Amino acid sequence: MKKQFAALTILMLFVFSIPVYAGVPMTTVEATVNRVLNVLRDPKLKSPAAKEIKKEKLRVIYKDMFDEIEFSKRTLTRNWNKFSPAQRVEFVNLFEQVLEKSYMDKILDYSNEKIDFYKETMIPEGKAEIESKIITSSKEIPIFYRMILKNGKWKVYDVVVENVSLVQNYRTQFNDILANKTPEQLLEILRKKVKEH
Amino acid sequence: MKSYLSVALLCAFLAVGCAHSQRSSSAVATQADISPKTVLLAADSGQQATDAQVKPKTQSVNDDENLDYAEDTFKEERVEIADPIEPFNRAMYHFNDKLYFWALKPVAQGYKVVVPEPARISVKNFFFNLGFPVRFLSCLLQADFSGAANEFGRFGINTIWGVGGLLDPSSNKELDLQKQETDLGQTLGVYGVGHGFYIVWPILGPSSPRDTVDIAGDYFLYPVSYVYPWYAGIGVRAYEIVNSTSLRIGDYESLKEAAIDPYIAMRDAYIQYRLKKVKARKARSLIFKAEETSAPAADTALPNK
C-alpha cells in the first residue's frame, strides 16, 4: 500500500508540475501588486502606529515577488565571483535593506493612483516582461517588470521605471566602485548606507 | 502492485528522459544532491534548455558562475558612456545638487503650497504647448509624419479649444492625439549620431555633445527665448522650471536616496533614458525603422542605390 501511495505521489508530481508551468507572468505580478494595494488600502492599518505592521506585511510580499539572489547577481555580474559565500549572503541582505529604505516610504505614500497592466511579452528561455503604468493626476509613470521562471514560479528580477532599469543602474555603480575597491570595501559602503538616518 | 509501480517508474523515466538534452543533464550532474525533486526540476528546466545551463542553481550563493550576461535578452541596454571630464562633471553635479536643495526646492515647495495642483498642471500644459515648434520639426526630421501630424493637430486644438494651451483636450479619449515628447538630440540619435561623452551642464544638468545641440536648437525654436527684454525671458524660464519642479518634488530625492553613488546613478539613468527614447523614435520613423531591423544588410545595400 505504501508503495502504491509513493507511486501515486510521483505520478501526481508529474501531472501537477505542468500546469504550474503555464502560470501566466502577468497574472502573477498583477496579483502581487494587488496584494500590496490591499495592505496599503486596509482601513485597519490606516493609523500611523500600524506603519510597522504594514512594512512587515509588505516585506513578506516582496520576498515572494522578487528573486533577490538573481537580482544581486545581475547587478554584480562577474564581480559576484570575487565575493566569498559569506560576503555574498551579506551583500544580498544589505542590498535588500538599501532598496527597502529607499522605496518603502514611496510605496507607503501611495494614494489610490490607478495602476494599469497592459502588456506581456514572453521571451524564450523562461523570461517575460510585463508593462504597467501608474497613472497620477499630472503624469503617467511606466513601470516594467522583468520576470524569470524558476522552479515553476515567476519571480521579478528587474524593474524598469521610466525606461531606467534598476539592475543596469546598480550594475554601473557597482562596477565603478569595484573597479578600484575590494568587495569588503563595497560592503562597508553599503553598511554605512543602511545605518544612515 | 508491482506492475503499478513499474508503470509509474516508466512514466517517471520517460518524463525525465524526454527533457534530457545534453545541457540539462550537465546541470543535473552539478547539483549536489539528486533527490527526486531536483531531478524533476531539472526535467522542467530542460524544457527551456538554453537557460538550464546558465542558471541551474541560482538559489545558491556558494558557487562561482559565468555571470557575463552578455547573451542576455536585454543586453542591448548595456550602455556606457565615456566620461573623460569626470572631475568637472562631478563638480557640476554637486553644484546642481546644491542649487536644487538650497534654491529650487524651497521655492517650488512654497509655490506648491500657494498654487493648487490643477493650476500647476495647466501651466505645465501651457509651456508644453509652446514647445510645439521643436517637436514638430523633430518629428519631420525623423521622418515620423504621423507624429508630426499629431503634434500639429495637438497644437491647433489645444491652442484654440484648450484656452491657449492651458488645457489638453487633445489627450482625451475621443481625440487621443499622443504627445510626441521628442527633441533635436533624439533626432540626431535617430540618424545614428552617438552621444560622444558625458557632460553635466550647470543648471541644465546631464547632457552630451549630441544633446547639447538640442539645447541650442531649443533656444532658437522655443518662443520664450524671444521674450523681450532678455531678463523677462529668463524670468519666464525660471517660472517654468519652478512650476514643473513643483509637480515632481521627491523624484530626484528618491533617486539620490536609492543610489550608492548618486553621480554614477544619474549618469546611467540619463543614458538609459535617452537610449530608450531614441529607440522608440526610430521605431516610429518611416525611413530609419527599416534600417534598424536589417542593420547589417543596409550597409552593403546602400551603395547600389
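The values are calculated or read from the model by the stated rules, or taken from the named source; none is laboratory data. Note that the structure is a prediction, hence the values are computed from the model and not measured. Note: ideal-geometry Cβ built from the backbone for every residue, glycine included; neighbour counts use all protein chains shown. Surface accessibility is based on the protein's heavy atoms, side chains included, excluding ligands, DNA and RNA. Shrake-Rupley method; radii C 1.70, N 1.55, O 1.52, S 1.80 Å.
Any idea what the relative contact order of the range B:156-214 is, in percent, if you count C-alpha pairs under 8 Å spaced at least 6 apart?
Relative contact order here is 22 percent.
If you filter the range A:101-194 for trypsin sites (Lys or Arg not before Pro), then keep DSSP loop positions with at most 16 other Cβ within 10 Å, what is left?
Counting only loop positions with at most 16 other Cβ atoms within 10 Å, the trypsin sites (Lys or Arg not before Pro) in the range A:101-194 are A:Lys139, A:Lys181.
What FRET efficiency do you get for B:Val163 and A:Glu184 if R0 is 56 Å and r is their Cβ-Cβ distance, rounded to the nearest 0.05?
E(calc), rounded to 0.05, equals 0.35.
Measuring with a 1.4 Å probe in the full set of protein chains, what accessible area per residue, in whole Å², belongs to the range A:2-196?
Each residue of the range A:2-196 exposes 50 Å² on average to a 1.4 Å probe.
Give a residue-ordered list of calculated ³J(HN,Hα) values for the range B:171-188 (Karplus: 6.51 cos²θ - 1.76 cosθ + 1.60, θ = phi - 60°; whole Hz; x for Gly, Pro).
Whole-Hz 3J(HN,Hα) from phi for the range B:171-188: 8, 6, 4, 5, 8, 6, 8, 6, 4, 10, 7, 10, 8, 6, x, 5, 4, 4.
Have a look at A:Pro183, A:Asn38, A:Ser84 and report the one farthest towards the positive end of the charge dipole of the range A:2-196, computed about the Cα centre with Cβ charges (Lys/Arg +1, Asp/Glu -1).
A:Ser84
Within 10 Å of each Cβ in peptide A:156-168, how many partner chain Cβ atoms are there on average? Round it to a whole number, please.
Mean partner-chain Cβ count within 10 Å for A:156-168: 4.
If you average the C-alpha positions of the range A:121-187 and of the range B:119-136 separately, how far apart do those two centres end up, in angstrom?
Comparing the Cα centres of the range A:121-187 and the range B:119-136, I get a distance of 32 Å.
Could you give the size of the charge dipole of the range A:2-196 about its Cα centre, using +1 on the Cβ of each K and R and -1 on the Cβ of each D and E, expressed in debye and rounded to the nearest 20?
For this selection, approximately 560 debye.
Return the sequence-ordered ³J(HN,Hα) values of the range B:206-223 in whole Hz as given by the Karplus equation 6.51 cos²θ - 1.76 cosθ + 1.60 applied to θ = phi - 60°, using x for Gly and Pro.
3J(HN,Hα) across the range B:206-223, in whole Hz: x, 7, 8, x, 4, 6, 5, 4, 5, 4, 5, x, 4, 4, 6, 9, 8, x.
Just from the alpha-carbon atoms, what are the Rg and Dmax of the range B:86-294 in angstroms?
Both quantities, over Cα of the range B:86-294: 18.0, 54 Å.
Which residues, if any, in the range B:105-138 lose at least 20 square angstrom of accessible heavy-atom surface (probe 1.4 Å) when the other protein chains sit next to their chain rather than the chain being alone?
At a threshold of 20 Å² (probe 1.4 Å), the residues of the range B:105-138 that become less exposed are B:Glu117, B:Ile121, B:Lys124.
For a distance above 15 Å, tell me the whole-number percent of Cα pairs in the range B:173-266 that qualify.
Pairs farther apart than 15 Å: 74 percent.
Relative to the Cα centre, what is the charge dipole magnitude of the range B:86-294, using +1 at the beta carbon of each Lys and Arg, -1 at the beta carbon of each Asp and Glu, and rounding to the nearest 20 debye?
Charge dipole of the range B:86-294: 40 debye, to the nearest 20.
Working with all protein chains in place, sort B:His94, B:His195 by solvent-accessible area computed with a 1.4 Å probe, largest first.
B:His94, B:His195
Quick check on packing: order B:145-158, B:172-185, B:216-229 by the mean number of other C-beta atoms within 10 Å, highest mean leading.
Peptide ranking by packing, descending: B:145-158, B:172-185, B:216-229.
Please report the buried accessible area for the interface of A with B, total over both chains, probe 1.4 Å, in Å² to the nearest 100.
5400 Å²
Please compute the net charge surrounding B:Ser208, taking Lys and Arg as +1 and Asp and Glu as -1 over other residues with Cβ under 14 Å from its Cβ.
Net charge in that neighbourhood comes out at -3.
With charges only on Cβ, +1 for K and R and -1 for D and E, what is the dipole size of the range A:50-96 about its Cα centre, in debye, rounded to 20?
The calculated dipole for the range A:50-96 is roughly 120 debye.
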